[in-house]
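Worksheet: the structure to be examined is printed underneath.
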Amino acid sequence: MATSSGQVGTPKDAKVGGAKVGSQIGRSLPRLEGRDKVTGRAEYTHTMRLPGMLYAKIFRSTVAHGRIKSIDTSAAKRVPGVYRIITAEDIRTVIPAPYYGPAFHDQPILAVDKVHFVGEPVAVALAADPHVAEEAAQLIVAEYEELPAVFDEVEAAANNTLVHEELKPAGTFADLKHLKGRKGTNVALDFKLRRGDVDKAFAAAAHVFEHTFHTQKVLHLALEPFASIADWNERGVTIYSGSQGPSFVRTEIARLLGWPENRVRIKVPYLGGGFGAKLYIKMEALATALSMIVRRPVKVALTMEEQFYTITRHPSTFVIKTGVDASGRITARKCEVYWNGGAYADVGPRVTQKSGFTASGPYDIDNVWVDSYALYTNLPPAGALRGFGIPQLVWAYESHTDMIARALKLDPLEFRRKNLLREGRPQATGQIVRDAKLDAVLERVAERLNWGKPLARGNGALRRGRGIAVAIKAVISPTTSVANLTIAADGSTTLYCGTVDMGQGSDTAMAQIAGEVLDVPAESVRIVPRDTDVTPYDMGTLGSRSLFHMGHAVRLAAEEAREKIKAMAREVGEPEGSNIPLPDLFKKKFGMQAGNIVGTGTYKPDYVPPDPATGLTDKVTPFWMCAASGAEVEVDTETGHVRITRLITAVDCGRPVNPKIVETQISGAVLMQLGFTMFEKMHIDAGQVTNASLADYKIPAILDVPQAMENETVDSHLSTGPFGAKGVGETATFCVSPAIANAIEDACGVRLTALPLTPEAVFRALRAQANKPLADDA
Amino acid sequence: MTRTISFTLNGEQVAAEIKPHHNLVEVLQREFNLMGARESCGQGMCGCCTVLVNGAAVSGCLYLAAFVDGAEVRTVESLADARTQALSPVQEAFIEAGAFQCGYCTPGFLLMATQLLEAYPDPDEEQIRHYLSGNLCRCAAYPEIIAAVKLAARRRKANSVG
Ligand code: FES
Ligand code: FES
């Protein structure tokens, strides 16, 4: 029986009793789409063309906050070959209320009356030749009456300078409804969690520590920049888009057009990376509006530079305060988190709330207070980036935890062990922790680090140290996935599911799950490309939710199909336990190669929304994601340069469906977060991004891969997961930053509280420590 | 102002009408439907647009199409056997080692890895890292790319011996 990787099983293998091919779960099957990707044949939206298509080039705001006084398009219109110049006024002729967004309907397709950040789309030039469109866009001129702007999240919270005059919640989320029409505030959401009595506990504590941490603005920087093509006519619109969430795009475009969803079709070619950027509406609404205006297909494909003005990761300020008793137990933790959401909310309010559930960390603390604020500022919008806010929180709480241990002269590992959230104990929200291998990930990293054994400390200017960090995440809930599966009369299986494979390998994993249930080789299962006309609803490929939610939906669909096969066998008079090949079964039933078996599965986990006053609920997440990282570093105290000599990460992803793909998800996540830790930063001057290009914004290259990077999954089985599995796309990002910062302090005694950990930052801290601060720090 | 250029593309003699400002990537895509070389940074920083011109790797996003007049151009589409469609050892190794996630950067890495192995059939890890240091992969499949190059080197050696 052909089940080894690379060999394609034939439908003839399919039998009523299963082909007995052995388990599909746990196979390190190479990605099913591999051939397309190595031959250059894989099609991405950015390189797609439709006949008669026009190219759109965007003219963007040059001020951070201002009223649009005039837009002069006359020179642009004179460019030979230009088809048309479009402003918000034109957009409103086809979409009267041109505002979109998952949490707030606050983002205009093109700026209406006002601009809210530098880089906001203001007008568009259309032409059949993209060079002509670009030349014309450059000739558009706008005049603004500048308004006061606010860039810092903590300043924004004071509400002295307002980004929006009025808040416009989308109505999708019940807990935002009270914000409708609210004026005089930049706060798009405030999530509160109240457990026990922190004030009393602080008063009684033997020690109280408070620190403030910052994270910088970074971005996803998928190598395929955003691209959408819309082809509209009176009967319907087809949108080709590199989208991680085609179902959401369909719903939102239908709402904007006032159409039923079945007239909106979203087709998703391959994605050249996503990481949370290509969610909700990005270029789809603009492309649709433009196509409606000109009645031709229109492509909006951004440049790398434009990605910096589209969606980013939230900068954050986290004020964290912890009370510890005389025995070293944490008795209280207060977390005040300010999320810099930029000019439009995007999914920021979700990030603020969902990450808020675990802001106090993976510890068993009786008294917890969390205030988590989503703030508007006059910066490019922020959304979800591989962790839904968790990496920012872990950066703060695991640095803080280390600082406490050091201040109390406790071993940082021991201190964590003592306070760690254990199986069966309530997490801060009140949900009892089950199937969360926090202890295992921590212990595995400690063991690999040889924690407790002496470390060669280096000599001269080179100082060596090690650090550790551990984290937990509640997966986004509640969300729904639907899958359909058909079996053809020759026994072959086709799977329809909306999870977007943007490189994480979900198609392969879903085929393995379907194959496991039907007992056919995963390679023989065809996955239909995402197309909302045929693939059913899925909430979105985000937050490491797909393998669990869609995995269950696929399992259910396959189980239903399996039951129907058995029923068909009974119907045609096959004896119980018959192992008749499926083609023969179909022939027996239909008299020829005809008919289908269709299975469908829908999955939505239980969820109880948090009590609005306390944030408490006993059903906040269907599963917990757990990670730990350890780092060994060598700091050159003369230059501030940090060399990472070892980087170790252990994650709990339940039972790996495809161990090889899990491995690549872990190392990819670690390396991405390594960039956010060591050097990536959007430099911003008065709202203007000053390094919006790959020449000036460095991302990890092959030479940045640490010589020793060790990753592992701990032995785990999620009892409620599909075949024991959990999601894993984000998990390995959580702990990288604090593990390295903790190692730097261990090496040379300086503590950095802001990312990134650049040589300059380390050097300045070293000089300050030596009481010789650099002139501009003094 | 258009002009006609002619060149060898993946072994075939071809011609194209171009304008002086057209870069090589857009001409390959528009005139020849070859989508493997693709633009990302547009600045010569990432290698997604890598094309071989007279045997040397160039950034097709910056390389003007006019310059390939009379030249020999090879793209990722030429790596598989034109007749049998069999994948090259490097392509196979990339699949087996899981050396890509989204695949957007993959054509560039494949061409560079192929060149590397032509120049150094038995590269060590340092050579691999150094040779591929100009190509970026945001999915950070770097460890698997290194493993794939090593695997391909072993395969090539075995093939040439056998
Ligand atoms: S697109 Fe040419 S090097 Fe990046
Ligand atoms: S595989 Fe996605 S950028 Fe390299």
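Structural remarks
- Computed from backbone phi with θ = phi - 60° and the Karplus coefficients 6.51, -1.76 and 1.60, the 3J(HN,Hα) list for the range A:134-141 is 5, 4, 5, 4, 5, 8, 6, 10 Hz; x is used for glycine and proline.
- For the range B:3-78, the dipole from Cβ point charges (+1 on Lys and Arg, -1 on Asp and Glu) about the Cα centre works out to 140 debye, to the nearest 20.
- Taking θ as phi - 60° and the Karplus parameters 6.51, -1.76 and 1.60, the scalar couplings of the range A:258-263 work out to x, 10, x, 4, 6, 9 Hz in sequence order, x denoting glycine and proline.
- Cα centre as origin, Lys/Arg/Asp/Glu Cβ charges: chain B dipole, Debye: 100
- Calculated mean residue ellipticity, 222 nm, the protein assembly as shown: -8500 deg cm²/dmol, from DSSP H runs (n ≥ 4) at -39500 (n - 2.57) each, averaged per residue and rounded to 500.
- Working note: Karplus 6.51/-1.76/1.60 with θ = phi - 60° gives the range B:129-144 the couplings 4, 5, 5, 9, 6, x, 10, 10, 9, 6, 6, 6, 7, 4, x, 6 Hz, where Gly and Pro are set to x.
- Coil-residue GluC sites (Glu not before Pro) of the range A:588-672, DSSP, other Cβ within 10 Å capped at 14: A:E638
- The range A:147-220 and the range A:638-690 have Cα centres separated by 27 Å.
- Of the trypsin sites (Lys or Arg not before Pro) in the range A:157-216, the ones in a loop by DSSP (not H, G, I, E or B) with at most 14 other beta carbons within 10 Å are A:K180, A:R182.
- Loop-located trypsin sites (Lys or Arg not before Pro) in the range A:291-332 (DSSP state other than H, G, I, E, B) with a sparse environment of at most 10 neighbouring Cβ atoms within 10 Å are absent.
- Under 5 Å between amide hydrogens, built in the peptide plane, is the criterion, and for B:R138 it picks out A:L223 among residues at least 5 positions away or on other chains.
- Estimated FRET transfer efficiency when R0 is 22 angstrom, pair A:R434-A:E563 (beta carbons, to 0.05): 0.15
- DSSP beta bridges confined to the range B:3-78 are antiparallel in about 90 percent of cases.
- Annotation: amide H-H contacts under 5 Å for A:T331 (H modelled 1.01 Å from N, sequence separation of 5 or more, or interchain): A:G323, A:V324, A:D325.
- Listed pairs A:K453/A:K698; A:K299/A:K354; A:K57/A:K278; A:K114/A:K177; A:K37/A:K589 exceeding 29 Å between Cα atoms: A:K453/A:K698; A:K299/A:K354; A:K37/A:K589
- Beta-bridge orientation, chain B: approximately 90 percent antiparallel, per DSSP, counting only bridges with both partners inside.
- Inter-label distance, nm, simple model (7 Å from Cα along the C-beta direction), B:Q127/A:D696: 3.9
- For the pair A:D175 and B:A86, a Förster radius of 60 Å applied to the C-beta separation gives a FRET efficiency near 0.60, rounded to the nearest 0.05.
- Number of partner chain Cβ atoms within 10 Å, mean per residue of B:70-76: 1
- Relative contact order, whole percent, for chain A stands at 17, derived from Cα pairs under 8 Å and 6 or more residues apart.
- For the range A:736-768 versus the range A:525-548, the gap between their alpha-carbon centres in whole angstrom: 41
- Three-way shape label, the protein assembly as shown, alpha-carbon gyration tensor, a/c 1.5: rounded
- In the calculated pair-distance distribution of the range A:712-778, the portion above 15 angstrom amounts to 64 percent of the Cα-Cα pairs.
- Each of A:A206 and A:M592 was given a label point 7 Å from its Cα along the Cα-to-Cβ line. The distance between the two points is 8.5 nm.
- Inter-centroid distance (Cα atoms) of the range A:435-475 relative to the range A:239-300, Å: 44
- Most fluctuating residue given options B:I146, B:I95, B:I128, as computed from a GNM of chain B linking Cα atoms under 10 Å: B:I95
- For chain B: relative contact order, % (alpha-carbon pairs under 8 angstrom, 6 or more apart): 22
- For chain A, the Cβ-based charge dipole about the Cα centre amounts to some 1020 debye (Lys, Arg positive; Asp, Glu negative; other atoms uncharged).
- Estimated FRET transfer efficiency (A:E166, A:R425; beta-carbon r; R0 41 Å; 0.05): 0.40
No value in this document is a laboratory result; all are computed from the given coordinates. Being a predicted model, the structure only gives us computed values, none of them experimental. Methodologically, a virtual Cβ is constructed for each residue, glycine included, from the backbone with ideal geometry; neighbour enumeration extends over all protein chains shown.
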